[in-house]
Amino acid sequence: AFSTMPKTIKITYVNTAGDRVTVDGKAGQNLLQVARDHNIDLYGPCNGGGQSSEDYGEGPCCTECRVFIAKEFQDKVNPINGEEIEILDWCEDADENSRLACQVVLSEDCDGMTVALPEWDKESYWNKIG
């Protein structure tokens, strides 16, 4: 029988200490949701949609959930948009592999993807924009 259940997608998160954890995600979820579902410490205070439109407006509005996507998966995830590029421009450690986890929507092609969590100093970030 044809199954309508979304296929499980294996995603491996790696932190700066080199700890790796592989978890199950589903097509249509974003990387922040998957991390949250599995209690992975990926900080994302705006939850990908801004706090409230009075504070931030719609769409992603902070850099806190940024991750590095393995090169071979860059073109398997949804393409980056202008708003995300603008936000990543704020990050000194962002490069062409950087994405906001809240904006990366999984597809079945993402099975086996590795996602690296950057280490960063929130205080220097807030001092910079303050």
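Bear in mind these aren't lab numbers, they're just calculated from the coordinates by the rules spelled out. Quick caveat: nothing in here was measured; it's all calculated off a predicted structure. No Cβ is skipped: glycine too gets one built from the backbone with ideal geometry, and neighbour counts run over all protein chains shown.
Modelled label positions at D95 and S107, each set 7 Å beyond Cα in the direction of Cβ, lie 2.5 nm from each other.
When you count the other C-beta atoms within 10 angstrom of each residue and take the mean per peptide, 31-40, 105-114 line up highest first as 31-40, 105-114. Sequentially through the range 79-89, phi angles give Karplus couplings (6.51, -1.76, 1.60; θ = phi - 60°) of x, 6, 10, x, 5, 5, 4, 4, 5, 5, 4 Hz, Gly and Pro residues having no value and appearing as x. If R0 is 25 Å, the Cβ-Cβ spacing of D75 and A17 corresponds to a FRET efficiency of close to 0.30.
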